[in-house]
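Shown next, in structure tokens, is the structure this report addresses.
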Amino acid sequence: MDFGYIKSAVYTPQIKVADCNYNAEQIIKGINEASQRNVKILVFPELCVTGSTCGDLFYQKTLLDGAKNAIDKIAKATVDTDMLVFVGAPIKYNDDLYSCAVAIKDGQVLAYVPKVHLTKRQNQFSICPNGVVYEGDVEVPITNELLIRDVNDSDLVIGVELGEDLDNPISPSTSLAQMGAKIIVNLASHPQFVGENEYREQAIKAQSAKCTCAYMYANAGEGESTTDLVFAGGNYIAENGKILAKSEPFSTGITITDIDCSFLTYQRSKSDFDTTEEDCVNIYVEFDHSETKLDRKYSPSPFIDGEILSDERANLILNMQAHALKKRIEHTHTKTLVVGVSGGLDSSLALLVAVKAMKLLGRDTKDIIAVTMPCFGTTKRTYDNSKALSSALGVSLKQVNIAKAVKQHFKDIGHDENVFDTTYENSQARERTQILMDIANKCGGMVIGTGDLSELALGWATYNGDHMSMYGVNGSVPKTLMRHLISYYVRTENAKLGKVLADILATPVSPELLPPDASGKIQQKTEDLVGPYELHDFYLFYLVRMGFTPAKVYKIALDTFEGTYSKETIYKWLSTFIRRFFNQQFKRSCLPDGVKIGSVSLSPRGDFTMPTDAVSVLWQNNLDEYVNGGNN
């Protein structure tokens, strides 16, 4: 395990009904395969030692003895594997029969966990014993109130349920999670029906989300009797409402991933997860915590969680932004909306949202005043695009050239206009904000903020300049997501609007505060100065939303962006992100109101609170200690 990860797998073996020796061989084959891949937790299906379709053969001593011998063989196969294995078998206790999960590690049977909620076809079995089975001189608990804990990692706590236990309104996994289980394993033997896989996947996702846990589901498959039913496997590993890995129906073998126990602990601490002090049986085991290569993959665009944003999701986000703005317009009785347009992504999305809000109100889009304010760095491309966009959307366009006013301001404060420093740049941004505010006052209007979440995280805004507005519609939209939202309009709107938006998408991101180059093209490119937004949005999501340490973010970034960015580049911009995120908090401490559209917001009004004078030393040290230790 590394950074809270535990390599975990579920396995559907190909079995023969009632042939315990053959089934043990197949299970041991699975154990050996998993061991070669450094798996630490391995789960097999319910009653896989015998087959779950043995019917009245379960009463036969011959079958039960065969199952007991098979368990002994399987236990011996776990020696020197450093693996906690769960297999399903019939267990006789006090003359009653139970469908149990058998927990095995280091050659020893640790516990028997009986199924609680039985199906009609499992009428051979009883429910809910709490006692001890004697294996020679060794006492082995038989109970469904069991937690298996790692002695070296308090985050790693495992609970067990079987099959239909999941479907009960009061499932064992709910109680086990409240008692501390971060991983629930389910040994199942669900037959295949039409629609079963969709239902099962949704149920597993929902349970893992409700319990803020990981859920490992291993289902019976090939080899079970088809007298009346067919079993198709279909295995899942979920974490906090998300499927990490799954197998296709009618397939056998291993499904593997890495469960992040430290994230689950972080998520529970943030969500005020209800815990209980109920008594249960605790068994302690020990794992080797050496670092291994992750099988788990992370999306390079976590705010999109895929290669492209679906039209349905894009439309939802735009509706959230527009309806939030609509409410603010109604509440303030605003006559006009004022949007500063630059021909860039942020102002374009803000203008699109403003138009949508006005249409929701049944208002004329001419009540939107798009203001273009060319100055020293404005290029013909962005200037033309701002005008073309305003025309395509049918809004009022107002031009205010600010060059003369800014030069007068330089004279007033004694600044040399040939010195292209922070004063040179920020004077333009603040002049633009002043103009927008004053136009809004003159027209009974509201200034709509254009800044996005990525810029807020980096502090890439002029304090009391573009940092300020009367309502921010993009404040929780990161730059990578913004590109997808604009692309949605390109795909779905008329050709005139789509054409100008396509060119805006192709324009380098820039505040255009420095003069163009000799050919009239943008000279000041944001990503050359602060780093690729693709990386910064990745860092933002995993540092803020997931609560990862910088070293952990660096580790997964190396894997995720392998072949795209070098390790030196990933380290450089991660260090930049950490430094800027802490140093620029003062800008986020006084943000204007704005709508939250996703799971990450940096609003100081409850979404993310951080002292303005917090320092980044510990975070940078965490990264440097990992990198300097040769972990790169």
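The values are calculated or read from the model by the stated rules, or taken from the named source; none is laboratory data. Only a predicted model underlies this, so the values are computations on that prediction, with no experimental measurement involved. Note that we place each Cβ from the backbone using ideal geometry, even for glycine, and neighbour counts take in every protein chain shown. Ligands, DNA and RNA are stripped out before the accessible areas are found, and what is left, the full protein with its side chains, is counted by its heavy atoms. Shrake-Rupley method; radii C 1.70, N 1.55, O 1.52, S 1.80 Å.
Select from the stretch 232-263 the residues that are open to solvent by less than 10 Å² (accessible area, probe 1.4 Å), in a loop (DSSP other than H, G, I, E, B) and not small (Gly, Ala, Ser) and list them in ascending order.
Asn235
How do the pairs read when you match residues in the stretch 106-120 that are surrounded by fewer than 21 Cβ atoms within 10 Å (Cβ to Cβ) with residues anywhere that are modelled with pLDDT under 95 and part of a helix (DSSP H, G or I), using Cβ under 7 Å and keeping only pairs 6 or more apart or on different chains?
Qualifying pairs under 7 Å: Val116/Asp165; Val116/Pro172; His117/Glu164; His117/Asp165; Thr119/Glu164.
Condition (residue is open to solvent by 50 Å² or more (accessible area, probe 1.4 Å), of a type outside the set (Asp, Glu) and either modelled with pLDDT of 95 or more or part of a strand (DSSP E or B) (or both)) applied to the stretch 187-199: is it met by at least one residue? Break it down stepwise before answering.
First pass over the stretch 187-199, keeping only residues open to solvent by 50 Å² or more (accessible area, probe 1.4 Å): 193-194, 198-199.
Imposing the further condition that a residue be of a type outside the set (Asp, Glu) reduces the set to 193-194, 199.
Of the ones still in play, those that are also either modelled with pLDDT of 95 or more or part of a strand (DSSP E or B) (or both) are none.
Looking for residues that are open to solvent by 50 Å² or more (accessible area, probe 1.4 Å), of a type outside the set (Asp, Glu) and either modelled with pLDDT of 95 or more or part of a strand (DSSP E or B) (or both), one finds none in the stretch 187-199, hence no.
Taking the stated definitions as given, is Thr227 at pLDDT 95 or above and of a type outside the set (A, V, I, L, M)? Before you say what the answer is, go through the steps one by one.
On the way: at pLDDT 95 or above: no; of a type outside the set (A, V, I, L, M): yes.
Taking the combined requirement at face value, the residue does not satisfy it.
Quick test for you: out of Glu330, Glu291, pick the one residue that is surrounded by fewer than 18 Cβ atoms within 10 Å (Cβ to Cβ), at pLDDT 95 or above and of a type in the set (D, E, K, R).
Values: Glu291 fails: at pLDDT 95 or above.
The unique qualifying residue is Glu330.
Condition first: touching a residue at least 12 places away in the same chain (Cβ under 8 Å) and under 33 Å from the mean Cα position of the chain (by Cα). Now tell me which residues in the stretch 501-513 satisfy that.
Of all residues in the stretch 501-513, those touching a residue at least 12 places away in the same chain (Cβ under 8 Å) come to 501-505, 507-513.
Listed by number, the residues that qualify are Leu501, Ala502, Asp503, Ile504, Leu505, Thr507, Pro508, Val509, Ser510, Pro511.
Output the residue which, of all residues in the stretch 1-44 that are more than 30 Å from Gly547 (Cα to Cα) and of a type in the set (Asp, Glu), is most open to solvent (accessible area, probe 1.4 Å).
Step by step, filter the stretch 1-44, then rank; the result is Glu25.
For the stretch 589-611, give me each residue that is surrounded by 13 or more Cβ atoms within 10 Å (Cβ to Cβ), of a type outside the set (Gly, Ala, Ser) and over 25 Å from Tyr554 (Cα atoms).
Across the stretch 589-611, the qualifying residues are Leu591, Pro592, Asp593, Val595, Lys596, Ile597, Pro604.
Search the stretch 529-549 for residues being charged (D, E, K, R) and open to solvent by 10 Å² or more (accessible area, probe 1.4 Å), and hand back the single one that is farthest from Phe581 (Cα to Cα). Let's see the steps before the verdict.
Of all residues in the stretch 529-549, those charged (D, E, K, R) come to 534, 537, 545.
Applying the additional criterion that residues be open to solvent by 10 Å² or more (accessible area, probe 1.4 Å) yields 534, 545.
Values: Glu534: 16, Arg545: 14 Å.
Looking at the filtered set, the residue picked out is Glu534.
Quick one: is Tyr266 open to solvent by less than 40 Å² (accessible area, probe 1.4 Å) and either among the aromatic types (Phe, Trp, Tyr) or not in a loop (DSSP other than H, G, I, E, B) (or both)?
On the way: open to solvent by less than 40 Å² (accessible area, probe 1.4 Å): no; either among the aromatic types (Phe, Trp, Tyr) or not in a loop (DSSP other than H, G, I, E, B) (or both): yes.
When the stated conditions are applied, Tyr266 does not pass them.
May I ask you to list the residues in the stretch 424-465 that are open to solvent by 20 Å² or more (accessible area, probe 1.4 Å), under 14 Å from Val341 (Cα atoms) and either small (Gly, Ala, Ser) or at pLDDT below 95 (or both)?
Listed by number, the list holds a single entry, Gly451.
Anything in the stretch 45-73 that is free of Cβ contacts under 8 Å to residues at least 60 places away in the same chain, part of a helix (DSSP H, G or I) and open to solvent by less than 30 Å² (accessible area, probe 1.4 Å)? List them, or say none.
Within the stretch 45-73, Leu63, Leu64, Gly66, Ala67, Ala70, Ile71 qualify.
Restricting to strands (runs of 3 or more DSSP E) lying wholly in the stretch 278-388: which have 1 or more residues that are among the small types (Gly, Ala, Ser)? Even if it seems obvious, please write down each step before you answer.
On the way: elements: 281-285, 336-340, 368-372.
Filter on the stretch 278-388 gives 336-340, 368-372.
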